[in-house]
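Just so it is clear, none of the values below were taken in a lab; they were calculated from the coordinates. Quick caveat: nothing in here was measured; it's all calculated off a predicted structure.
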Amino acid sequence: MRTLIFLMLLAALVMAATCYVSVYSEKPLAFSDPFINRRRANDFIQADTRLEAISQERIRERHKAPQERQREICEDYYPCELYAFRHGYAAAYRHYFGRRRTK
């Protein structure tokens with residue numbers, strides 16, 4: 001009787017160990033999944049370097065070349081952009097914004 005109880009207890013433990021469904025058993029393994037979570041994508045970058053890069057980007061935005069500013073202005077105005085596809089952005093900016101028109 002004692003051995004029967006022992007065998008039943010052992011069988012229950014084996015069944016519980018092999019049939020247990022965990023969260024990890026339903027997910028694919030980390031090395032087999034080519035995509036990672038967006039939040040964990042940049043964990044390896046240090047926070048201070050990110051802040052420094054952001055500040056450098058802001059400085060670059062403040063000091064743009066005149067041609068870049070002219071191109072952005074022309075891209076925002078659809079007829080100028082169409083004209084630029086054919087004649088270039090410099091000519092399109094001169095055509096639409098180069099001389100001030102007064103009525």
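Scalar couplings 3J(HN,Hα) for the stretch 67-81, obtained by applying the Karplus form with A = 6.51, B = -1.76, C = 1.60 to θ = phi - 60°, are 5, 5, 5, 5, 5, 5, 5, 5, 5, 6, 10, 4, x, 5, 5 Hz; x denotes Gly and Pro. A simple rule links phi to the HN-Hα coupling: the Karplus curve 6.51 cos²θ - 1.76 cosθ + 1.60 with θ = phi - 60°, which for the stretch 8-19 gives 5, 5, 5, 5, 5, 5, 5, 5, 5, 6, 8, 9 Hz, with x for Gly and Pro.
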